[in-house]
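For reference, the structure is listed below as structure tokens.
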Amino acid sequence: LSNVLEVFVLFIRDGIAIPHFGSADGRRMTPLLCSFFFFILGLNLMGLFPLFVTATSNVSVTAAMALITLSFMVFGSIYKNGVGGFVKCFVPHGVPWPVLILLVPIEFAGMFIKAFALTIRLFANMLAGHIVIFSLLGLVYIFGAWAFPAVALALGIYFLELFVAFLQAYI
């Protein structure tokens, strides 16, 4: 079990953190990325058992994680580049100044839109899978043996949700 855990941690460090943040910052950000990965994966896998609820199908949980991510984006950028460098990242090079009047607010709003998209994507994917499974199993309850093939479809959606649990943790 510890070898499997090590494979995931090394993948996060060597495959995600270091290529995107560089060697020094990547090693510093690996604990945060591992925490997010295992937190999301654990919650998603726990929600696949009948007695548990997928916590990431609650928009409050995903919004809190997105706010943490947004905070690290903003304060990490300010820490690394200073306030001037942070503000300068919203102004693309080589763009005429009349276009900047429109482009800078769009770039600034895009930072918040990314966090909002993280929230909605994780929330909707996990909730939608459960709704589809319950709908298919509800067909069996309503129509009886005529809808028994829906159980096979629900099982297929269950395995798709298993894949999505790992995919969402990676994203």
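Dipole check for the chain: with +1 at the C-beta of Lys and Arg, -1 at the C-beta of Asp and Glu, and the Cα centre as origin, the magnitude is about 320 Debye.
Only helices enter the 222 nm calculation for the chain: every DSSP H run of n ≥ 4 contributes -39,500 (n - 2.57), and dividing by all residues gives -28000 deg cm²/dmol, rounded to 500. Taking every Cα-Cα distance in the stretch 39-94 and sorting them into 10 Å bins from zero, the calculated P(r) comes out as 21, 30, 21, 18, 9, 1 percent. Structural size metrics of the chain, computed from C-alpha coordinates, are Rg and Dmax of 20.8, 68 Å. Annotation: average projected area of the stretch 59-154 is 9.7 square nanometres, based on the convex hull of Cα atoms across all directions.
Got the relative contact order for the chain handy, in percent, Cα pairs under 8 Å and 6 or more residues apart? All intermediate terms of the calculation are to be shown ahead of the outcome.
On the way: 124 pairs, mean separation 40.5, N = 171.
So the answer I get is 24 percent.
I want to verify the translational diffusion coefficient of the stretch 120-171 in µm²/s; compute it with Stokes-Einstein, Rh as the Kirkwood radius over Cα pairs, at 20 °C and 1.002 mPa s. Numbers along the way, then the final one.
Working: Rh = 11.6 Å.
Estimated diffusion coefficient is 185 µm²/s.
For the stretch 1-52, chymotrypsin sites (Phe, Trp or Tyr not before Pro) are listed when DSSP marks them as loop and at most 13 other Cβ atoms sit within 10 Å of their Cβ; the list is Phe52.
Which chymotrypsin sites (Phe, Trp or Tyr not before Pro) from the stretch 69-171 combine a DSSP loop assignment with at most 16 other Cβ atoms within 10 Å?
Details: sites: Phe72, Phe75, Tyr79, Phe86, Phe90, Phe108, Phe112, Phe116, Phe123, Phe134, Tyr141, Phe143, Trp146, Tyr158, Phe159, Phe163, Phe166, Tyr170; in loops: Phe90.
Hits after loop and neighbour filter: Phe90.
Multiplying the residue separation of Met111 and Ala64 by 0.36 nm and removing their Cα-Cα distance gives an extension gain of 15.3 nm. Solvent-accessible surface (1.4 Å probe) assigned to Lys88 amounts to roughly 130 Å².
In square angstrom, what is the accessible area per residue of the chain with a 1.4 angstrom probe?
66
Counting only the Cα atoms, the stretch 1-76 fills a convex hull of 91 Å³ per residue. To the nearest Å, what is the center-to-center distance of the stretch 114-171 and the stretch 42-101, using C-alpha atoms only? What the calculation gives is 26 Å, centre to centre. Overall, the accessible surface of the stretch 1-116 at a probe of 1.4 angstrom is composed of carbon and sulfur to the extent of 76 percent.
The values are calculated or read from the model by the stated rules, or taken from the named source; none is laboratory data. Just so it is clear, the model here is predicted, and its values are computed rather than measured. All Cβ positions, glycine included, derive from the backbone under ideal geometry; neighbour counts span all protein chains shown. Side chains are part of the model used for accessible areas, which takes the heavy atoms of the whole protein and leaves out ligands, DNA and RNA. Shrake-Rupley method; radii C 1.70, N 1.55, O 1.52, S 1.80 Å.
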